[in-house]
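Undergrad: Dropping a structure here in structure tokens format, bear with me for questions.
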Amino acid sequence: MKDSHIDLLATLFCGQCFGWKEEQGVFQSVVNGRLITFTEDTFLATLAGNGDLIRYFDMDGEYEMAKAHLRKLDPTMAKAVDRFAGLHILNQDPWEVLVCFILSQNNNIARIRQMYCRLTEAYGSPVGAGWHSFPTAAQMQDVSEEDLRRLGMGFRAPYLLDAIAQNSLLEEIPSLPFDEALHHLMTIRGVGPKVGQCILLYGFHRMEAFPMDTWMKKIMLRWYPTKDSQYFAPYAGLAQQYLFHYARTEAPV
DNA sequence: GGCCAGGCCCCAG
DNA sequence: CTGGGGCATGGC
């Protein structure tokens, strides 16, 4: 492992994923079909021998090099980096990310988490202790728009249906250049530039991605009025994550 | 009890 | 292509 330091609270609750729970220091979720349970103290032992978890938590990411680069850019970036130095960008299942960020539009994080949970309980597989895996596209193959509306998916229900129908499109993404990959994703209904870049960043680890939500627009206007994502290259995605989390938890934008 | 939420679709200019 | 209204739902 290149980087055994990770800020679990920041990483798991910064809005890049929606399936984790933390109660009294115990973290739980389902990763790659199995229930994972650990505390700050048992985290590294939990990873030992589990290559898929090491990858999921991005423990081999080049964070020291990236952070050194970003810190040098400007004082705002330096502060954001240092405040959340252990923030990792997870390597999540692209399908799960696609669904989550379709759900995210005009929505709040608390409710996205609730909708995520309902999907697992309705269509996922039981994995013990009352937990369910996130449903695969195959497991959702036969759901109807009305099923999804009954689950509280609202106007996003037809978007989810299109994502289910077109899920195999995800397989082509890794081999495509960034812009082509983004436009390919945007052929799915309910996937625009922001959701598409979230999928590329959180599902495919494309560091060029720079999701511009309402928070990031305010941040850019306030601190980087003449800049765009290129300013943070080649770590735009990570910079976005630091700034987003920093603005939401620390500094009034 | 309104307000608003990690936007996108759709339709008018 | 740019701008603005509408959108289901529930936490606050």
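Every read-out reported here was derived from the displayed coordinates using simple, explicitly stated rules and does not represent laboratory data. Small disclaimer: the values here were computed from a predicted structure and weren't measured. Every residue, glycine among them, receives a Cβ derived from its backbone with ideal geometry; neighbour counts consider all protein chains shown.
Undergrad: Along Cα→Cβ, 7 Å out, is where each label goes; now give me the distance between the ones at A:Asn50 and A:Leu9 in nm to one decimal.
TA: Between A:Asn50 and A:Leu9, the simple spin-label model gives 2.2 nm.
Undergrad: Take every Cα-Cα pair in region A:112-253 and report what % of them are more than 18 Å apart.
TA: Percentage above 18 Å: 64.
Undergrad: What residues of region A:195-239 lie in the reach of a label at A:Arg248, counting those whose backbone N is under 15 Å from a point 7 Å from the Cα along Cα→Cβ?
TA: A:195, A:198-199, A:202, A:211-219, A:238-239
Undergrad: So, one more: Give the long-range amide H neighbours of A:Ile36: residues separated by 5 or more places, or on another chain, with amide H under 5 Å away, using H modelled in the peptide plane at 1.01 Å from N.
TA: Correct list: A:Ser29, A:Val30, A:Val31.
Undergrad: Sticking with this structure for a sec: Return a whole-number percent for the relative contact order of chain A, with Cα pairs under 8 Å and 6 or more residues apart as the contact set.
TA: For chain A, the relative contact order is 20 percent.
Undergrad: With label points built 7 Å along Cα→Cβ from the Cα atoms of A:Ser125 and A:Ser175, find their separation and express it in nm.
TA: 2.8
Undergrad: For region A:3-42, rounded, prolate or oblate, judged on the Cα gyration tensor with a ≥ b ≥ c (square roots of eigenvalues), a/c < 1.5 rounded, else prolate if a/b > b/c?
TA: Numbers: a/c = 1.32, a/b = 1.11, b/c = 1.19.
It is rounded, given that a/c, with a ≥ b ≥ c, falls under 1.5.
Undergrad: For region A:180-253, report the % of Cα-Cα distances exceeding 21 Å. Let's see the in-between values first.
TA: Values: 693 of 2701 pairs.
So the portion of pairs separated by more than 21 Å is 26 percent.
Undergrad: Another question about this same structure. Can you give the helix-only mean residue ellipticity at 222 nm for chain A, where every DSSP H stretch with n ≥ 4 adds -39500 (n - 2.57) and the sum goes over all residues, rounded to the nearest 500 deg cm²/dmol? Mind dumping the intermediate values first?
TA: Numbers: 13 runs with 112 residues, N = 253.
After summing the helix terms and dividing by the residues of chain A, the value is -12500 deg cm²/dmol.
Undergrad: I need the calculated FRET efficiency for the pair A:Arg71 and A:Phe43, taking r as the beta carbon distance and R₀ as 35 Å, to the nearest 0.05. List each step's numbers first, then the result.
TA: Working: r = 26 Å, r/R0 = 0.73.
Plugging the Cβ-Cβ distance into 1/(1 + (r/R0)^6) gives 0.85.
Undergrad: Given chain A reduced to its alpha-carbon atoms as identical point scatterers, what log10 I(q)/I(0) does the Debye formula return at q = 0.08, 0.10, 0.14, 0.16 Å⁻¹?
TA: -0.31, -0.49, -0.99, -1.29
Undergrad: Using the per-residue mean of other Cβ atoms lying within 10 Å as a proxy for protection, in what order, highest first, do the peptides A:195-208, A:220-233, A:147-160 fall?
TA: On the way: A:195-208: 23.4, A:220-233: 14.1, A:147-160: 17.1.
The densest-packed peptide leads the list: A:195-208, A:147-160, A:220-233.
Undergrad: What distance in nm separates the simple spin-label points at A:Val26 and A:Lys227, each placed 7 Å from Cα in the Cβ direction?
TA: Here the modelled spin labels are 4.3 nm apart.
Undergrad: Using only the Cα atoms, what convex hull volume per residue in Å³ does region A:25-169 have? The partial results should precede the final answer.
TA: Details: hull volume 22.5 nm³, N = 145.
Cα convex hull per residue, to the nearest whole number: 155 Å³.
Undergrad: Per residue of region A:236-246, what does 6.51 cos²θ - 1.76 cosθ + 1.60 with θ = phi - 60° give for ³J(HN,Hα)? Whole Hz please, x for Gly and Pro, Karplus curve as stated.
TA: Per residue, the Karplus-derived 3J(HN,Hα) values read 4, x, 5, 4, 4, 5, 4, 5, 4, 5, 4 Hz.
Undergrad: Starting from the eigenvalues of the Cα gyration tensor, five times each then square-rooted, give me the equivalent ellipsoid semi-axes of region A:52-128, largest first, whole Å. Show your work: numbers first, answer last.
TA: Working: eigenvalues 200, 60, 19 Å².
Here the semi-axes work out to 32, 17, 10 Å.
Undergrad: Of the cross-linked pairs A:Lys2/A:Lys217; A:Lys2/A:Lys194; A:Lys79/A:Lys227, which ones have a Cα-Cα span greater than 26 Å in the structure shown? Walk me through the numbers on the way to the answer.
TA: Values: A:Lys2/A:Lys217 33 Å; A:Lys2/A:Lys194 30 Å; A:Lys79/A:Lys227 18 Å.
Pairs exceeding 26 Å: A:Lys2/A:Lys217; A:Lys2/A:Lys194.
Undergrad: Let me ask another. Cβ neighbours within 10 Å, averaged per peptide: list A:165-174, A:237-246 in order, most packed at the top. Provide the component values of the computation, followed by the final result.
TA: Values: A:165-174: 14.3, A:237-246: 23.8.
My ranking of the peptides, most packed first, is A:237-246, A:165-174.
Undergrad: Among A:212-219, A:53-60, what's the highest-first ranking by average C-beta atoms within 10 angstrom per residue?
TA: Working: A:212-219: 15.5, A:53-60: 17.9.
The peptides rank, most packed first, as A:53-60, A:212-219.
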